[in-house]
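Below is one structure, written out as structure tokens; the observations come after it.
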Amino acid sequence: MSAPEGSQVNELLCSYAALVLSDCEAEITEESLNAVISAAKGSVPAHFASIFAKVAGAKPVSELIAAASNVSAGPSSGAPAAGAPAGDAPAAEEAKKESSSEDVGGAGGMFEDDY
């Protein structure tokens with residue numbers, strides 16, 4: 001993994017500054033973001049701090065973090081989709097069994113039963 005470059009650095013500085021301010025329960029403004037970034041011996045273009053302050057003003061950072069941590073992978077493959085007729089479940093299970101028994105290569109047969 002390489003070090004962040006260009007706008008990635010600016011985004012990280014603003015993100016970390018917003019997290020620090022949120023953790024301290026301080027108001028997240030363009031000025032407060034720049035103060036935290038300056039204290040860390042960094043600097044960002046004015047529009048970065050402005051954008052992050054507007055986003056934080058629209059929705060609290062703590063809510064953004066909570067929403068990001070509640071990402072779901074969706075329903076499991078064993079359960080039928082909501083609203084799907086019950087008769088489709090055996091067909092889906094049969095298709096799953098057929099596809100899992102096919103050799104797709106790449107593993108060199110190390111996951112087969114007869115090693």
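The values are calculated or read from the model by the stated rules, or taken from the named source; none is laboratory data. Since the structure is predicted, the reported quantities are computational estimates derived from the model, not experimental observations. Note that each Cβ is placed from the backbone with ideal geometry, even for glycine, and that neighbours are counted across all protein chains shown. Ligands, DNA and RNA are excluded from the accessible area calculation, which covers all protein heavy atoms including side chains. Shrake-Rupley method; radii C 1.70, N 1.55, O 1.52, S 1.80 Å.
If the requirement is being modelled with pLDDT under 90, in a helix (DSSP H, G or I) and closer than 26 Å to residue 3 by Cβ, which of these qualifies: 19, 64? After ruling out the rest, the residue left standing is 64. In the stretch 22-37, which residues are assigned to a helix (DSSP H, G or I) and of a type outside the set (A, V, I, L, M)? Correct list: 22, 23, 30, 31, 32, 34. Before we move on, is residue 49 open to solvent by less than 60 Å² (accessible area, probe 1.4 Å), part of a helix (DSSP H, G or I) and in contact with a Phe, Trp or Tyr (Cβ under 6 Å, 6 or more places away or on another chain)? Against the criterion (open to solvent by less than 60 Å² (accessible area, probe 1.4 Å), part of a helix (DSSP H, G or I) and in contact with a Phe, Trp or Tyr (Cβ under 6 Å, 6 or more places away or on another chain)), residue 49 does not qualify.
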